[in-house]
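Okay, structure first, notes after.
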Amino acid sequence: MCQRYTLEDLMEIVETLRGENGCLWDKEQTHRSLKPYMMEEAAELVSSIRIFDTTGNAENMREELGDVLFHVVLHSQIAKEEGLFTFEDVVQEISEKMVRRHPRVFIKEGQAGEADGEIPSWDEIKRKEKEGKEWIISPLREEPGELPALVRAVKVMRKADKLYGAGRDYQTNVERIQEAAAALADIRPEEEAARLEEVMGDILTGLADLARQRRISLEQILTDRTESLIEHYEPMENPEK
């Protein structure tokens, strides 16, 4: 029977990899250098969920979850060496956050109940948590630039509508998209590259606002359509069941 490792074992493994006689690659890593790897691992995890939905096989998803966990522990080890925080601090903070943001689930006997009207909403709790955070310049700029552009656009528009009433209704968005699409016919792409980008931006913005309004994932739609395109040109002869 193979050895069963625990989370504590994983933490020790990562500490050893970063140690004097550890792995050169692991020892050289920093928070900044690991950024592209974490993005790749997150994408591979999402891919593994698609694979599970398609095949019913969870092996790849289990592996990719492990890769993400490894990076969480690795970042925490680096932070520990820098005197910033530890993995235990990470666990403590996320646990506190989940309990704090779900007062209706974790409310204790004798505390204010829902009937008292004193239980704040998720948004109220989240807003209070972010008060005074120096890295938050403004509500819309809080949405990370590292997000995929379509995801960020929808999140920004959702927040802009909530805070500033900036959202357009469904029919208005459809009309704006139709106007922009019609404008494409009058553009000379070889001579009006900037105008072409502007009109395409109008179309994408309109689609993003539609997605915001209808709670649709543009990323997922485009991913699915791309997979359909691949399947059209390169059909699987014996897809795994």
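If you go through the stretch 38-63 one residue at a time, how many are touching a Lys or Arg at 6+ places or on another chain (Cβ under 9 Å) and surrounded by 14 or more Cβ atoms within 10 Å (Cβ to Cβ)? Spell out the reasoning first.
Looking only at the stretch 38-63, we keep the residues that are touching a Lys or Arg at 6+ places or on another chain (Cβ under 9 Å), and these are 48, 55-56.
Adding the requirement that they be surrounded by 14 or more Cβ atoms within 10 Å (Cβ to Cβ) leaves 48.
Residues meeting the conditions: 1.
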- Query: Which ones in the stretch 130-161 are over 17 Å from A208 (Cβ atoms) and β-branched (V, I, T)?
  - Reply: I136, I137
- Taking the stretch 81-103 as the region of interest, how many residues are among the hydroxyl-bearing types (S, T, Y) and farther than 19 Å from L17 by Cβ? 1
- Kindly provide the set of residues from the stretch 76-95 that are free of Cβ contacts under 8 Å to residues at least 12 places away in the same chain and within 21 Å of the chain's Cα centre (by Cα), ordered by number. V91, E93, I94, S95
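Yes or no, residue by residue, for (1) open to solvent by less than 60 Å² (accessible area, probe 1.4 Å); (2) of a type in the set (D, E, K, R); (3) within 20 Å of S217 (Cβ to Cβ):
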site	(1), (2), (3)
V154	yes, no, yes
M157	yes, no, yes
A180	yes, no, no
A194	no, no, no
- For S138, are the conditions met, namely being assigned to a helix (DSSP H, G or I), hydroxyl-bearing (S, T, Y) and either at pLDDT below 85 or within 25 Å of the chain's Cα centre (by Cα) (or both)? no
- Message: Among the numbered criteria (1) loosely packed, with under 13 Cβ neighbours inside 10 Å; (2) of a type in the set (A, V, I, L, M, F, W, C); (3) over 18 Å from the mean Cα position of the chain (by Cα), which one does V73 miss?
- Response: (1)
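The values are calculated or read from the model by the stated rules, or taken from the named source; none is laboratory data. Computed from a predicted structure; not experimentally measured. Ideal geometry is used to build each Cβ from the backbone, glycine not excepted, and the neighbour counts take in all protein chains shown. These area figures cover heavy atoms from the full protein model, side chains too; ligands, DNA and RNA do not enter into them. Shrake-Rupley method; radii C 1.70, N 1.55, O 1.52, S 1.80 Å.
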